[in-house]
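Note sheet for the following structure.
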Amino acid sequence: MSPIPLSVIGGFLGAGKTTLLNHLLATAGKRYGVLVNDFGAINVDTALIAARDGDTIALTNGCVCCAMGDDLGAGLERLAGRDPAPEHVIVEASGVSDPWRIAQLALIEPGFSLEPLVVMVDAAAFLGQLTDRWTGDTVARQLGFAELVVLNKADLAGDLAPVRAAVHRLRPEARVIVAAQGVVDPEVLHFVPPPRPTPSRFVADAPAHGFMTQVWRPAGSLDRARLRAALEALPRSVLRLKGFCRLAPDGTSHLLQYAAERWAFTPQAGEPGFVLIGTPEMPDATATAALFGPTEAA
Amino acid sequence: MPQTVRVFTARRILTMNTSIPVATHVAVREGRVLGVGGTELLHEFGPVERDDRYAGKVLMPGFVEGHGHAVDGLVWRNPYVGFYPRRDPAGVWVEGLKSIEAVIARLQAVERGLADPAAAVVAWGFDPIFFGGRRMTAADLDRVSATRMVMVGHVSGHIQNVNTTVLERCGFSRDSNLDGLVRNGDGDLTGELQGPAVMGRASRVVGDAGILRAIDAPALWDYARIASRVGVTTSTDLANGLNPENVAALQEATLSEGFPLRLVPAMRQRDYGLEEGIARITELKRMSNPKLHFGLVKITVDGSIQGFTARLRWPGYHNGAPNGLWYVAPEELGAIVEAYHRAGHHIHLHTNGDEASELATEMVGRAIAAHPRPDHRHTLQHCQMADAAIFRRMASFGMCVNLFANHIWYWGEQHRALTMGPSRAQRLDACASALAAAVPMAIHSDVPVTPLDPLFTAWCAVNRLTPEGRVLGAAERISVTQALHAITMGAAYTLKMDHLIGSIDIGKHADFAVLEQDPYDVPAGALKDIGVAGTVVGGVPTAG
Ligand SMILES: [Zn+2]
């Protein structure tokens, strides 16, 4: 079974996270499983509700929405155990939490694969929040590991240039998209299409939302220490590395997920192949190949 | 026919009742105090039953724990491995463990007693701060069992230690490079887990959620037994989800014959939407009984100082750690406080750092300005770093405080060295400043974070000693009288129960703490050593 893509959506109170989720649930083209903080704010057309049971709402389109509760891992386990399982899980971080903390859990929770860390910003209120004596550091911290920043309520913000500048100062690596009323293309919840086998070791792929991707397909088993050293040496412009590989000496297949200098290997079967995702400043294919060392070409 | 009048005689009765502060006799009828005084009580109420069992003892009003957690009755189902000796619900002293070796030995003994080969060994209360920097490792716990899962929770609640079996089953390895997985110099995992993400995963894998289990009636009985032994006749449970199952357990226990404790659970606000929560607390108030008082709402504003999750004002954490976390957004806090205040409810706010206390005070002030209401008694719980200015502001709004005096002993040295630094730590749990600003004050244990024992809590506030023998903030020491007030009338006032408990006065519940010595007859440094022979609850003597 391939891991379920998991997206974390963060952002301060009022940034439009719930609006985005309500919109995604109502217009879903796939079975989303959504864990929300403020269950009461979920507001989908009653015609869409198939069943409601305590803190779970099942929709006629196959989506399900649950209250997060105290234990995020337990909530994820509950979602993954549903029949049928969701095709994509979205976790709404609370308005004051650090979404990166939540995203890290997806690196170790078996059966999930972390998609871009999305942080929503209320473009009209952001600069004020950043200078607020009580909220400034919380808002800045939420952007610290963002990969995709949605400048929401752009229609209310007037000049976006200073907002963009502030986001860039806090997290130069993040890609920025602009939205109004929390409406974004659901495709932003994916980094790239699943890696496909390619003939060479690293191949530059077309950018998605301004991210660069490279795909690498190792032929043999990898040495843990060597791989670890390569991961430690990755520059910040490489946001992600994910995919399967066989690890020496016994060649068992592992899922490797790397994000923002944190990573985890979990034993899981899969077609060997990594995708690297980064900013346009990320090292080119030759430099990355040099970093990961010689491998047999497929 | 009126019930019999029973007159308890005592060597001395410290009533905390301003009209009759000292007495030797107390008359009780229908569970309530009928009279306080001397031998005249034996003749004034017609035929009386004289009860001399406390003739050699000193009676005080039953102590009131303004911030405790009834889960203390539950944690004892797992082995205790703390540094300090602690008394279990049966009254047996469990020896404190002074080395990691001793912890391992206790766990090995527990392991040998387990029949089910799949059962996990889960212990609580571990506190390594006096082990000279030596941390527990997975290899240590592997000596308890190489096949069973072994998990040890730290007393602070922010750290766990696990053995290799747990690491493996969680999928944590050298190649899990995540925040919260502690590593040694070689990059290997030590088995120490920090923070909710990795701790939560381990708890789920071990299948023993420890203090997250639901509290049943037997656990409430165990908590009441622990309370009786230290003279406590009323305790909060701060907080409780108060779902139907929780309420059923509370009712079952408090309505059972001879239950020796009045419980005051606070509804955990974040378990409910705003309107839903207000409706629930309104409904709960009608479900109270003489030993179960609903009405408090608890809101958690920040984390803990020693966990570096409390919100601090300038200059932040002494060791340079980043500021802690808001558990609720400042603006949202304002809306929640306003809604509960406006609906007439009684709010207790958990604020550890001074920035959290400042914010909570501001938000309560705004709610009061918008919807004036006398006698609300909104209370800051912990409020450990507040300075005189915050206390003055609280006083201006009519707020109360419940300070965590036990922290001075248990974490004072750490606050001095790491979190607050030597100057700011002088005002850790600044009882004298609070009283100087005329803020109604209680002091607390936060049991099970520290043991329930109000005389110990009073000793902390009076002496402000640390285990290094240092007096931390001499100017914040309070008198024995002030401390005894804080653990009786002070706490009762913060619960809006000062008309029912907290002093021995006519019409109030006949709830007494039975002491072996008069607190005024012993040096202030010996306050914590006064023996407690038990309690009387509603006129009924309970075993000590
Ligand atoms: Zn507490």
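The values are calculated or read from the model by the stated rules, or taken from the named source; none is laboratory data. Every value quoted in this text rests on a predicted model; they were computed, and no experiment measured them. All Cβ positions, glycine included, derive from the backbone under ideal geometry; neighbour counts span all protein chains shown. Just so you know, the surface numbers come from the protein's heavy atoms only, side chains and all, with ligands and any DNA or RNA stripped out. Shrake-Rupley method; radii C 1.70, N 1.55, O 1.52, S 1.80 Å.
Listed here are the residues, each with its yes/no results for (1) over 25 Å from residue B:233 (Cα atoms); (2) out of contact with any His (no Cβ under 9 Å at 6 or more places or on another chain).
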{"residue": "B:68", "(1), (2)": "no, no"}
{"residue": "B:73", "(1), (2)": "no, yes"}
{"residue": "B:79", "(1), (2)": "yes, yes"}
{"residue": "B:89", "(1), (2)": "no, yes"}
{"residue": "B:101", "(1), (2)": "yes, yes"}
> What's the number of the condition residue A:288 fails, among (1) of a type outside the set (Phe, Trp, Tyr); (2) more than 14 Å from chain B (Cβ to nearest Cβ); (3) open to solvent by 20 Å² or more (accessible area, probe 1.4 Å); (4) more than 16 Å from residue A:191 (Cα to Cα)?
Replying inline: (3)
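Provide a single number: the residues in the stretch B:322-350 that are touching a strand residue (DSSP E or B) at 6+ places or on another chain (Cβ under 8 Å) and either closer than 12 Å to residue B:299 by Cβ or touching a residue at least 60 places away in the same chain (Cβ under 8 Å) (or both).
Here is the first cut: in the stretch B:322-350, the ones touching a strand residue (DSSP E or B) at 6+ places or on another chain (Cβ under 8 Å) are B:324-328, B:333, B:336-337, B:340-341, B:345-350.
Add one more test, that the residue is either closer than 12 Å to residue B:299 by Cβ or touching a residue at least 60 places away in the same chain (Cβ under 8 Å) (or both), and what stays is B:326-328, B:333, B:336-337, B:340-341, B:345-350.
Summing the residues that are touching a strand residue (DSSP E or B) at 6+ places or on another chain (Cβ under 8 Å) and either closer than 12 Å to residue B:299 by Cβ or touching a residue at least 60 places away in the same chain (Cβ under 8 Å) (or both) in the stretch B:322-350 gives 14.
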>> Condition first: open to solvent by 50 Å² or more (accessible area, probe 1.4 Å) and among the polar types (S, T, N, Q). Now tell me which residues in the stretch A:28-60 satisfy that.
In response: A:37, A:43, A:46, A:60
> Within the stretch B:63-85, can you find the residues that are away from the ligand (no atom under 14 Å from the Cβ) and open to solvent by less than 10 Å² (accessible area, probe 1.4 Å)?
Replying inline: B:63, B:64, B:73, B:74, B:81, B:82
> Exactly one of (1) over 15 Å from the mean Cα position of the chain (by Cα); (2) away from the ligand (no atom under 16 Å from the Cβ); (3) β-branched (Val, Ile, Thr) is unmet by residue B:215. Its number?
Replying inline: (2)
>> Tell me whether the stretch B:206-218 contains one or more residues that are closer than 26 Å to residue B:308 by Cβ and crowded, with 19+ Cβ neighbours inside 10 Å.
In response: yes
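Residues checked against (1) open to solvent by less than 30 Å² (accessible area, probe 1.4 Å); (2) without any contact (Cβ under 8 Å) to a residue 60 or more places away in the chain:
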{"residue": "B:427", "(1), (2)": "no, yes"}
{"residue": "B:439", "(1), (2)": "yes, yes"}
{"residue": "B:444", "(1), (2)": "yes, no"}
{"residue": "B:476", "(1), (2)": "yes, yes"}
{"residue": "B:489", "(1), (2)": "no, no"}
{"residue": "B:512", "(1), (2)": "yes, no"}
{"residue": "B:522", "(1), (2)": "yes, yes"}
> Can you find even one residue in the stretch B:280-298 that is within 14 Å of another protein chain (Cβ to nearest Cβ), open to solvent by less than 40 Å² (accessible area, probe 1.4 Å), away from the ligand (no atom under 16 Å from the Cβ) and in a helix (DSSP H, G or I)?
Replying inline: yes
> Does the stretch B:446-466 hold any residues that are open to solvent by 20 Å² or more (accessible area, probe 1.4 Å) and modelled with pLDDT of 95 or more, and which are they?
Replying inline: B:451, B:453, B:456, B:463, B:465
> Using beta carbons and a limit of 7 Å, which pairs, at least six apart or on different chains, have the first residue in the stretch B:46-70 and on the phi > 0 side of the Ramachandran plot and in a loop (DSSP other than H, G, I, E, B) and the second one open to solvent by less than 40 Å² (accessible area, probe 1.4 Å) and within 16 Å of the ligand (Cβ to nearest atom)?
Replying inline: none
>> Taking the condition of being within 18 Å of the chain's Cα centre (by Cα), assigned to a loop (DSSP other than H, G, I, E, B) and within 14 Å of chain B (Cβ to nearest Cβ), how many residues in the stretch A:1-59 meet it?
In response: 5
> Can you name the residue in the stretch B:224-249 that is touching an Asp or Glu at 6+ places or on another chain (Cβ under 8 Å) and part of a helix (DSSP H, G or I) and is also farthest from the ligand (Cβ to nearest atom) among such residues?
Replying inline: B:249
> Within the stretch A:99-110, how many residues turn out to be open to solvent by 30 Å² or more (accessible area, probe 1.4 Å) and part of a loop (DSSP other than H, G, I, E, B)?
Replying inline: 1
> Looking only at the stretch A:69-97, which residues are at the interface with another protein chain (Cβ under 8 Å from one of its Cβ atoms), open to solvent by less than 30 Å² (accessible area, probe 1.4 Å) and of a type outside the set (Gly, Ala, Ser)?
Replying inline: A:72, A:96
>> Against the definition (surrounded by fewer than 17 Cβ atoms within 10 Å (Cβ to Cβ), modelled with pLDDT of 95 or more and part of a loop (DSSP other than H, G, I, E, B)), how does residue B:322 come out, yes or no?
In response: no
>> Out of the helices (runs of 4 or more DSSP H) lying entirely within the stretch A:122-232, which hold 3 or more residues that are at pLDDT 95 or above and assigned by TED's automatic domain parsing to the domain that holds residue A:14?
In response: A:126-131, A:136-143, A:161-170
>> Filter the stretch B:219-238 down to the residues that are over 26 Å from residue B:297 (Cβ atoms) and among the hydroxyl-bearing types (Ser, Thr, Tyr) and list them by number.
In response: B:228
> Which ones in the stretch A:209-230 are within 14 Å of chain B (Cβ to nearest Cβ) and small (Gly, Ala, Ser)?
Replying inline: A:225, A:229, A:230
>> If residue B:186 satisfies all but one of (1) in contact (Cβ under 8 Å) with a residue 12 or more places away in the chain; (2) outside any helix (DSSP H, G or I); (3) open to solvent by 20 Å² or more (accessible area, probe 1.4 Å), what's the number of the condition it fails?
In response: (1)
>> I'm checking my understanding of the structure. Among residues of the stretch B:154-182 that are out of contact with any strand residue (DSSP E or B) (no Cβ under 6 Å at 6 or more places or on another chain) and charged (D, E, K, R), which one is surrounded by the most Cβ atoms within 10 Å (Cβ to Cβ)?
In response: B:174
> List the pairs whose first member sits in the stretch B:239-259 and is farther than 18 Å from residue B:297 by Cα, whose second member is at pLDDT 95 or above and within 16 Å of the ligand (Cβ to nearest atom), and whose Cβ atoms are under 7 Å apart, counting only residues at least 6 apart or on separate chains?
Replying inline: B:254/B:263
>> So, in the stretch A:98-114, how many residues would count as being over 15 Å from residue A:21 (Cβ atoms) and more than 8 Å from chain B (Cβ to nearest Cβ)?
In response: 7
